[in-house]
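J.: First the structure, which I've put down as structure tokens, then a few questions once you've had a look.
Quick note: the coordinates plus some simple rules give every number you see, no bench work behind them. Model, not experiment: these values are computed from the prediction. Here the Cβ is made from the backbone with ideal geometry for all residues, glycine too, and neighbour counts use every protein chain on show.
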Amino acid sequence: MPGTEPGPRTGVLGSPLHRSGAVMPTSAPAPPEPVCFLDLPDGPCAPAAARRAAAGLLAGAGWPPGRVDDAVLVVSELVANAVRHAPGPRELTLTERAGTLDVAVADRGEELPQRWSRGGERGGFGLPLIERLGGRMTVVPALGGKTVHVRLERGGALPAPERGRVR
């Protein structure tokens, strides 16, 4: 019958529906935060898996290539420390939000990271390296483990001429 055509179809809360029946948003939703979760494998292959995940996430989020390299180095250092100093299982969570990357490595070790007065054959270079790259580290202890977080800003590295050897 003419004049009895139904009006536009609506869905939940009056949102317009597409011909397929899908709800069409009335305004664009906020883009999702790029997030990566990775159950880290045991052994020496864990840092490589973590580096690939970090490089893919940050390249997809539009980070500058040099800063992606800095972040990948931080991820590799944190994961290598977890593999070396703590029992598994271990998890990596990467969250990129508004130009800030949160790198979180959770493990089952209860020993907290320590700063060595000087690096040597057994290590001790990681914390100064992370700081030199502009990372801010926090440790969240928990019963049966801990999570080490490092926050990096998209543009937070030291200028290139100052990024020489870590003392």
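J.: Once you sort the root eigenvalues of the Cα gyration tensor of the stretch 35-162 as a ≥ b ≥ c, which label holds: rounded (a/c under 1.5), prolate (a/b larger than b/c) or oblate (the other case)?
T.: Verdict is oblate for the stretch 35-162.
J.: Place the peptides 52-58, 77-83, 98-104 in order of packing, highest mean first, counting for every residue the other Cβ atoms within 10 Å and averaging per peptide.
T.: Ranked from most to least packed, the peptides come out as 77-83, 52-58, 98-104.
J.: What distance in nm separates the two pseudo spin-label positions at Thr100 and Ala142, each 7 Å out from Cα along the beta-carbon direction?
T.: 2.0
J.: Given Val139, Leu127, Phe37, which one lies farthest toward the positive end of the charge dipole of the stretch 35-162, if we put +1 on the Cβ of every Lys and Arg and -1 on the Cβ of every Asp and Glu?
T.: Leu127
J.: Given H placed 1.01 Å from N in the peptide plane, which residues other than close sequence neighbours of Arg90 have an amide H under 5 Å from its amide H?
T.: Leu40
J.: Give the relative contact order (percent, whole number) for the stretch 35-162; include only Cα pairs under 8 Å separated by 6+ residues.
T.: For the stretch 35-162, the relative contact order is 24 percent.
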